[in-house]
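Each remark here refers to the structure printed beneath this line.
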Amino acid sequence: MTNIIFFGPPGAGKGTQAKIISDNLKITHLSTGDILRKKILEKDNLAIKLKKIMSDGKLVSDEILNSIVSSRLENEASSGFILDGYPRTLQQAYFLNKFLEKSLYKINFIFNIEINFDILKKRILKRSIEEKREDDNLTVLETRFNEYSNSTAKVSQLYKDSNSKIFHEIDGSLQISEITNKIIQIIKKP
Ligand code: AMP
């Protein structure tokens with residue numbers, strides 16, 4: 001059973017890699033962004049609130065995320081999982097640690113995909129045309145990037161300090177296939 005966490009700023013390619021690697025290893029891909037985007041389609045009160053928060057590029061509450069991720073992990077994680085977009089705050093990281101301790105799951109690999117803001121801007125603008133995501137425009141990207149720097153970067157630093165042996169920095173400016181190869185090499189290393 002292989003359990004992985006992906007970190008990286010918006011547009012770094014963590015979703016793309018998480019999908020390729022989860023298909024390759026036949027493990028569950030839990031993208032909190034995708035799960036929330038699906039919830040928005042339900043058009044109830046929660047959906048209206050989520051839509052506003054996400055299209056502004058802000059973070060959805062820890063309570064909602066912790067409850068989504070724990071219930072999905074309880075039901076779908078038995079063959080292994082990739083967390084893509086979670087944990088994004090220290091509170092989420094503490095919650096996850098407690099959850100993992102209780103359920104006896106262990107994280108085997110953490111990948112931090114790094115990329116500078118200029119490359120990111122170009123990618124996000126391209127994705128805004130291809131995927132029509134409401135949160136892919138420059139103003140919202142700045143908010144999302146700030147949320148990442150102020151909150152999520154602290155979470156990845158915490159994991160880097162406390163789990164340095166399983167923590168791997170990956171250069172996000174490389175081609176998709178090059179990044180995949182680097183990740184696979186690390187996972188398959190005897
Ligand atoms: P993503 O597709 O991972 O870029 O996520 C899109 C949006 O969903 C983010 O900008 C947040 O508004 C929300 N979101 C996804 N994951 C989380 C999380 N772990 N905590 C808070 N908000 C999240």
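The values are calculated or read from the model by the stated rules, or taken from the named source; none is laboratory data. The structure displayed is predicted, hence computed values, not measured ones. Virtual Cβ from ideal backbone geometry, glycine too; neighbours counted across all protein chains shown. Just the protein is used for accessible areas: all its heavy atoms, side chains included, with ligands, DNA and RNA removed. Shrake-Rupley method; radii C 1.70, N 1.55, O 1.52, S 1.80 Å.
The alpha carbon centroids of the range 83-160 and the range 1-79 are separated by 10 Å. Remark: the range 59-147 carries a charge dipole of roughly 180 debye about the Cα centre, counting +1 on each Lys and Arg Cβ and -1 on each Asp and Glu Cβ. Exposure check, 1.4 Å probe, all protein chains in place: Y94 carries approximately 120 Å² of accessible surface. Let me know the whole percent of all Cα-Cα pairs from the range 1-111 that are separated by more than 18 Å. Every Cα pair in the range 1-111 considered, those over 18 Å come to 48 percent. About its Cα centre, the dipole of the range 19-67 is roughly 180 debye, where the only charges are +1 on Lys and Arg Cβ and -1 on Asp and Glu Cβ.
Simple spin-label estimate for I35 and N137 gives 2.9 nm between the two label positions (7 Å along the Cα-to-Cβ direction from each Cα). To the nearest whole percent, what portion of all C-alpha pairs in the chain is separated by more than 19 angstrom? So the pairs more than 19 Å apart make up 58 percent of the total in the chain. For the listed residue pairs K49/K126; K132/K189; K49/K121; K39/K189, the alpha carbons are over 30 angstrom apart in K132/K189; K39/K189.
Is the shape of the range 74-168 best called rounded, prolate or oblate, per the rule: a/c under 1.5 gives rounded, else a/b larger than b/c gives prolate, else oblate, with a ≥ b ≥ c the square roots of the Cα gyration tensor eigenvalues? Prolate, since a/c reaches 1.5 and a/b exceeds b/c. Once the C-beta distance of K121 and Q157 is scaled by a Förster radius of 25 Å, the resulting FRET efficiency is 0.60 to the nearest 0.05. Calculate I(q)/I(0) for the range 133-190 by the Debye formula, one identical point scatterer on each C-alpha and no solvent, and give its log10 at q = 0.15, 0.27, 0.30 Å⁻¹ to two decimals. Cα-only, vacuum Debye calculation for the range 133-190: -0.68, -1.02, -1.05. Within the accessible surface of the chain, defined with a 1.4 Å probe on protein heavy atoms only, the carbon and sulfur portion equals 52 percent.
Taking amide H atoms as placed 1.01 Å from N in the peptide plane, the amide H of T2 lies under 5 Å from those of F81, each 5 or more residues away in sequence or on another chain. Rounded to the nearest 500, the helix-only mean residue ellipticity at 222 nm of the chain stands at -18000 deg cm²/dmol, with each DSSP H run of n ≥ 4 adding -39,500 (n - 2.57).
Taking the Cα centre of the range 101-190 as reference, the dipole from Cβ charges on Lys and Arg (+1) and Asp and Glu (-1) amounts to some 360 debye.
Using a Gaussian network model of the chain with C-alpha springs under 10 Å, which one of D84, D171, D136 is most mobile by mean-square fluctuation? Of the options given, D171 has the highest mean-square fluctuation. Taking a straight line from the alpha carbon of K188, these aspartates and glutamates sit under 18 Å away, with near neighbours fewer than eight places off in the same chain left out: D23, E169, E178. Heavy-atom accessible surface of the chain, averaged per residue, reaches 55 Å², computed with a 1.4 Å probe. When the charge dipole of the chain is built from unit charges on Cβ atoms (+1 for Lys and Arg, -1 for Asp and Glu) and taken about the Cα centre, the candidate among N3, L141, Y86 whose Cα reaches farthest toward its positive end is N3.
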